[in-house]
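These notes concern the structure reproduced below.
Derivation of every value follows stated rules applied to the coordinates shown; laboratory data play no part. Everything numeric here is computed off the predicted structure, so don't read it as measured data. We place every Cβ from the backbone using ideal geometry, glycine too, and count neighbours over all the protein chains shown.
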Amino acid sequence: MAKRQSVIFPGFAHQNAIPNASRIGNVMMSSVISGVDPGTRNLPADLASQVTNIFTHIRRTVEAAGGTPDDIIKITFWMKDPATARAALNDEWVKMFPDPDSRPARHTLALGAESNALVTCDVVAVFGCDQVHDGTIEALARASGTVRTGDVFHINCGPLSNIICRFV
């Protein structure tokens, strides 16, 4: 089993003893990311600045873990007013994920009233999937002669990249 690795980078730190993210094998999950100004704990008063900062922190988190935004599979946002503020995410979202056929899942929820932030998020990324090209997984499975529909199998793509697959 792969050992858990803390992901920490300069310019964004939590007040508690937790890392920016944690990675096991090819999966990274972030801690909560806020819209504070990079390098400080100052929280801008406006939503647009917080959103810009959050996307900066998202990129730096995934890169510190050894990946790129292309490895992000889901981002969950919490916003003070999701119904009206959700549109504020869209400009930065499209900048980071310009290809409409290759965007991560996104979910937006209400942020608790006790938070000073207008927006926070967490990120899930899966690394190394580009190392196995179309047809490779199926070819490996069929070549083994023992994989059946519904079986789950593991492909080791290196010390920090593992893929878990379900054969369909």
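Side notes on the structure shown:
- For residue 27, distant residues with modelled amide H under 5 Å away: 127
- Take the Cα of residue 3, step 7 Å toward its Cβ, do the same at residue 46, and the gap between the two points is 4.7 nm.
- Net lengthening on full extension, residue 95/residue 16 (0.36 nm per residue, minus Cα-Cα): 25.3 nm
- Residues whose placed amide H lies under 5 Å from that of residue 78, excluding near-sequence neighbours: 109, 120, 121
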